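What follows is a set of notes on a single structure, which appears directly below.
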């Protein structure tokens, strides 16, 4: 697994979504559980039907807040020395379990809906925006 | 509003363009003051006939602009420290923006496409 990983999921209500987080902190199964909990607690994404770890970040590069989220990870350095690394690892384990360091990329459908409404000049009676 | 934002505009003559800059400095929701500050800087980029200007949904909306990644790099290199120095940082950045600094232009799409076309034609001829 890479240092920074993409997690893709499908929400029953809002459709396609993704998050970026640290890889190598948990085993795959545990990572998915932690991310799912984090998404529920922090971003109120509560109806996840399926969730998976992506092969690369490229898979979610079309998500609305991809750049904003990726930047947060690029700006942080991962220590390379063993002592510092294990300290960092424990810190990240704790923070991810509390829902931190899991950045939600927004819902694609919501973004496309916004673009569509914008193209139409934001008609006020467009109820689909409120979904 | 996000910490780093995309602002898209249309110039009557040059067409579509965008800038990347710091968000949330003047207000965390209302973009009016930020847009006013950006507007003042636009003539420096060759925007003399501004038709419209708006805050983008996310950076994704301007990710197809010619120099998006080059300009984004500038902001990635400058992390924001959300500690007790944050307020001081905000004041400093507000001043910088008012002076027209840290508003980075991502180029005109039309101009760029024309340049690409010219380059392709040169290669083919």
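Condition first: within 13 Å of chain A (Cβ to nearest Cβ) and touching a helix residue (DSSP H, G or I) at 6+ places or on another chain (Cβ under 7 Å). Now tell me which residues in segment B:1-17 satisfy that.
Scanning segment B:1-17 gives B:2, B:4, B:6, B:8.
So residue A:32 passes all but one of these: (1) modelled with pLDDT under 95; (2) under 22 Å from residue A:64 (Cα atoms). Which condition number does it fail?
Only one criterion is unmet by residue A:32, namely (1).
Please give the helices (runs of 4 or more DSSP H) falling wholly within segment A:29-131 in which 2 or more residues are within 15 Å of residue A:10 (Cα to Cα).
So the answer is A:108-119.
Suppose the filter is out of contact with any helix residue (DSSP H, G or I) (no Cβ under 6 Å at 6 or more places or on another chain) and more than 23 Å from residue B:63 (Cβ to Cβ); does residue A:91 pass it?
Yes, satisfied.
Somewhere in segment A:4-17, is a residue over 25 Å from residue A:110 (Cβ atoms) and out of contact with any strand residue (DSSP E or B) (no Cβ under 7 Å at 6 or more places or on another chain)?
No, there is no match, as no residue in segment A:4-17 is over 25 Å from residue A:110 (Cβ atoms) and out of contact with any strand residue (DSSP E or B) (no Cβ under 7 Å at 6 or more places or on another chain).
Which members of segment B:82-95 meet the condition of being part of a loop (DSSP other than H, G, I, E, B) and surrounded by 11 or more Cβ atoms within 10 Å (Cβ to Cβ)?
Scanning segment B:82-95 gives a single hit, B:85.
Out of (1) within 30 Å of residue A:114 (Cα to Cα); (2) within 14 Å of chain A (Cβ to nearest Cβ); (3) without any contact (Cβ under 8 Å) to a residue 40 or more places away in the chain, what's the single condition that is false for residue B:32?
Failed condition: (2).
So, in segment B:45-54, of the ones that are more than 12 Å from chain A (Cβ to nearest Cβ) and either in contact (Cβ under 8 Å) with a residue 40 or more places away in the chain or within 13 Å of residue B:103 (Cβ to Cβ) (or both), which residue ends up surrounded by the most Cβ atoms within 10 Å (Cβ to Cβ)?
Residues of segment B:45-54 more than 12 Å from chain A (Cβ to nearest Cβ): B:45-51, B:53.
Right, trim to either in contact (Cβ under 8 Å) with a residue 40 or more places away in the chain or within 13 Å of residue B:103 (Cβ to Cβ) (or both) and you get B:45-47, B:50-51, B:53.
Values: B:45: 18, B:46: 13, B:47: 22, B:50: 15, B:51: 12, B:53: 20.
Filtering segment B:45-54 for residues that are more than 12 Å from chain A (Cβ to nearest Cβ) and either in contact (Cβ under 8 Å) with a residue 40 or more places away in the chain or within 13 Å of residue B:103 (Cβ to Cβ) (or both), the one surrounded by the most Cβ atoms within 10 Å (Cβ to Cβ) comes out as B:47.
Go over the candidates A:60, A:20 one by one and state the one that is in contact (Cβ under 8 Å) with a residue 60 or more places away in the chain and either closer than 13 Å to residue A:5 by Cβ or away from chain B (no Cβ under 14 Å) (or both).
The conditions single out A:20.
Pairs please, first residue from segment B:91-110 and free of Cβ contacts under 8 Å to residues at least 24 places away in the same chain, second anywhere and assigned to a loop (DSSP other than H, G, I, E, B), Cβ atoms under 8 Å, 6+ apart in sequence or on different chains.
Filtered contacts from segment B:91-110: B:96/B:102.
May I ask you to list pairs of residues, at least six apart or on different chains, whose Cβ atoms are under 8 Å apart, with the first in segment A:65-87 being more than 8 Å from chain B (Cβ to nearest Cβ) and without any contact (Cβ under 8 Å) to a residue 40 or more places away in the chain and the second being assigned to a helix (DSSP H, G or I) and buried (at least 16 other Cβ atoms within 10 Å of the Cβ)?
Qualifying pairs under 8 Å: A:79/A:88.
Please go through segment B:56-73 and pick out each residue that is away from chain A (no Cβ under 12 Å) and either out of contact with any strand residue (DSSP E or B) (no Cβ under 6 Å at 6 or more places or on another chain) or under 27 Å from residue B:91 (Cα atoms) (or both).
B:70
Residue-wise test of (1) closer than 24 Å to residue B:78 by Cα; (2) surrounded by 13 or more Cβ atoms within 10 Å (Cβ to Cβ).
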site: A:59; (1), (2): no, yes
site: A:70; (1), (2): yes, yes
site: A:73; (1), (2): yes, yes
site: A:82; (1), (2): no, no
site: A:104; (1), (2): yes, yes
site: A:109; (1), (2): no, yes
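The values are calculated or read from the model by the stated rules, or taken from the named source; none is laboratory data. Please read all numbers here as calculations on a predicted model, not as lab measurements. Note: ideal-geometry Cβ built from the backbone for every residue, glycine included; neighbour counts use all protein chains shown.
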